[in-house]
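Asker: I have a structure I would like to understand better, so I am pasting it below and will then ask my questions one at a time.
The values are calculated or read from the model by the stated rules, or taken from the named source; none is laboratory data. Since the structure is predicted, the reported quantities are computational estimates derived from the model, not experimental observations. All Cβ positions, glycine included, derive from the backbone under ideal geometry; neighbour counts span all protein chains shown. Calculation scope for accessible area: heavy atoms of the full protein, side chains included, ligands and nucleic acids excluded. Shrake-Rupley method; radii C 1.70, N 1.55, O 1.52, S 1.80 Å.
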Amino acid sequence: LLTFSGGPTERAGRTIQVAHAENSQRCEASSGGDETGLNAYDLSDVLAGRDQANPFVRPGDVVSVLEADQVFVVGNVIRPSSIPLKETLTISRAIAMSGGVLPYSKKDRIRIIRQPPGNAPKQELIVDLKAIEKKHADDIILQANDIIDVPVSGGKRFLGNLVGSVGPAVTQMPVRVIP
């Protein structure tokens with residue numbers, strides 16, 4: 001059925017759910033596995049054609065490919081975006097998938113805002129991307145709905161703007177060469 005529907009989209013998650021209708025006719029060929037209620041299958045197993053992840057479907061069954069959980073990269077990056085969590089994703093990889101950091105970023109003060117499931121309060125983690133790049137710190141594995149905020153350094157931006165505006169002005173000043 002997945003093939004007939006055009007296959008999973010780019011936003012597809014890792015799970016396929018099959019809700020079997022209670023009063024549908026059963027095929028004689030269907031055997032094995034729980035064929036009533038709601039069953040979940042791993043998308044990669046389904047696409048690989050593994051027998052245990054390829055159930056018979058009957059009239060009235062509902063097949064759903066769940067949308068992937070996401071993480072969000074915001075702040076001083078080239079392309080702020082949401083990234084589907086289809087596989088294990090680290091903070092350095094998520095930032096790279098967003099095009100990387102822009103100039104004047106505070107790479108040693110990147111925040112991960114994490115909302116644990118339930119009513120637990122939000123957590124804020126401070127990550128040093130410089131240390132991760134130098135292999136002095138572990139690359140943090142992201143969780144569903146994490147927000148990665150790459151801050152901009154006010155001091156570096158001010159100096160960069162100052163140099164950017166003074167530099168062209170200096171090159172346009174008249175120069176007198178004395179032999």
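Asker: What are the residues in the stretch 114-137 that are loosely packed, with under 11 Cβ neighbours inside 10 Å and assigned to a loop (DSSP other than H, G, I, E, B), if any?
Answerer: Correct list: P117, G118, N119, A120, P121, K122, K134, K135, H136.
Asker: Taking interchain pairs and intrachain pairs at least six residues apart, which have beta carbon atoms under 8 angstrom, with the first residue in the stretch 51-71 and assigned to a loop (DSSP other than H, G, I, E, B) and the second open to solvent by less than 40 Å² (accessible area, probe 1.4 Å) and hydroxyl-bearing (S, T, Y)?
Answerer: P55/S30; P55/Y41; F56/S30; R58/S24; R58/S30; P59/S24; G60/S24; D61/S24
Asker: Any idea how many residues of the stretch 72-87 are open to solvent by 20 Å² or more (accessible area, probe 1.4 Å) and in a strand (DSSP E or B)?
Answerer: Residues meeting the conditions: 6.
Asker: Please identify the pairs in which a residue from the stretch 141-154 that is more than 11 Å from T90 (Cβ to Cβ) and among the β-branched types (V, I, T) has its Cβ atom under 6 Å from the Cβ atom of a residue that is open to solvent by 10 Å² or more (accessible area, probe 1.4 Å) and not in a strand (DSSP E or B), counting only partners at least 6 apart or on another chain.
Answerer: Short answer, once both residue conditions are applied: V150/N76; V152/N76; V152/Y104.
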